[in-house]
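Notes follow once the structure below has been shown.
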Amino acid sequence: MSPMSNPGVKFPPPFIYATGFIIAWLLETRVMRIHIVGGDASTTSLEIAGLILATIGLLLVFWGLITFARARTGILPMRPATQIVDHGPYSFTRNPMYTGLAITFLGAAFFLNYGWMLVMLPLVMIAIFSFVIKREERYLTSAFPEEYGRYRRKVRRWL
């Protein structure tokens with residue numbers, strides 16, 4: 001089997017997270033509001049937790065981006081990779097950018113007190129796995145069969 005030229009992802013993966021956010025926002029504002037914390041209860045703790053999670057998620061995303069940039073390999077999954085990056089955040093998760101975006105999404109749900117975002121997050125993750133990660137893994141297996149195989153056995157997909 002000849003190596004693939006790139007993963008074949010047709011759009012930037014953050015669009016999937018953005019689409020999930022927009023759908024949740026529309027459901028919250030146009031259909032039915034679902035509070036994570038409702039009634040007269042204070043949402044301060046939820047908002048603080050949301051800010052902390054969103055910050056951690058964004059830091060993980062940027063750490064992944066910087067690590068890829070320093071390794072001079074394709075950041076966008078529509079481009080070919082030049083190597084397997086296995087250091088920085090890639091030493092404990094094969095997908096730090098997608099994991100970071102998921103943590104940021106969860107943090108935004110808490111901060112905004114949007115229950116629909118909690119409903120949307122698993123759907124977003126299924127879409128990321130189905131339309132992006134499966135393609136990337138197939139490509140990396142094709143382009144770097146032995147090296148990526150070792151990496152997959154050593155590092156988890158998420159956390």
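For the range 105-132, how many residues meet the condition of being without any contact (Cβ under 8 Å) to a residue 60 or more places away in the chain and either surrounded by 21 or more Cβ atoms within 10 Å (Cβ to Cβ) or in contact with a strand residue (DSSP E or B) (Cβ under 6 Å, 6 or more places away or on another chain) (or both)?
So in the range 105-132, the residues without any contact (Cβ under 8 Å) to a residue 60 or more places away in the chain come out as 106-107, 122, 125-126, 129-130.
Of the ones still in play, those that are also either surrounded by 21 or more Cβ atoms within 10 Å (Cβ to Cβ) or in contact with a strand residue (DSSP E or B) (Cβ under 6 Å, 6 or more places away or on another chain) (or both) are 107.
Residues meeting the conditions: 1.
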Being surrounded by fewer than 16 Cβ atoms within 10 Å (Cβ to Cβ), more than 27 Å from Pro145 (Cβ to Cβ) and either touching a strand residue (DSSP E or B) at 6+ places or on another chain (Cβ under 6 Å) or among the hydroxyl-bearing types (Ser, Thr, Tyr) (or both) is true for just one of Ser42, Ser5. Which residue is that? Ser42
Would you check if there is a residue in the range 6-13 being touching an Asp or Glu at 6+ places or on another chain (Cβ under 7 Å), closer than 30 Å to Ser142 by Cα, part of a loop (DSSP other than H, G, I, E, B) and not hydrophobic (A, V, I, L, M, F, W, C)? yes
Considering only helices (runs of 4 or more DSSP H) fully contained in the range 82-159, which possess at least 2 residues that are in contact with a helix residue (DSSP H, G or I) (Cβ under 9 Å, 6 or more places away or on another chain) and of a type in the set (Lys, Arg)? 145-154
Residue satisfying all of: in the range 45-60; farther than 20 Å from Met125 by Cα and within 24 Å of the chain's Cα centre (by Cα); surrounded by the most Cβ atoms within 10 Å (Cβ to Cβ) among these: Leu46
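Each reported figure results from applying straightforward, stated rules to the coordinates on display, with no laboratory input. Bear in mind that the values here come from a model prediction, so they are computed numbers and not experimental data. Virtual Cβ from ideal backbone geometry, glycine too; neighbours counted across all protein chains shown.
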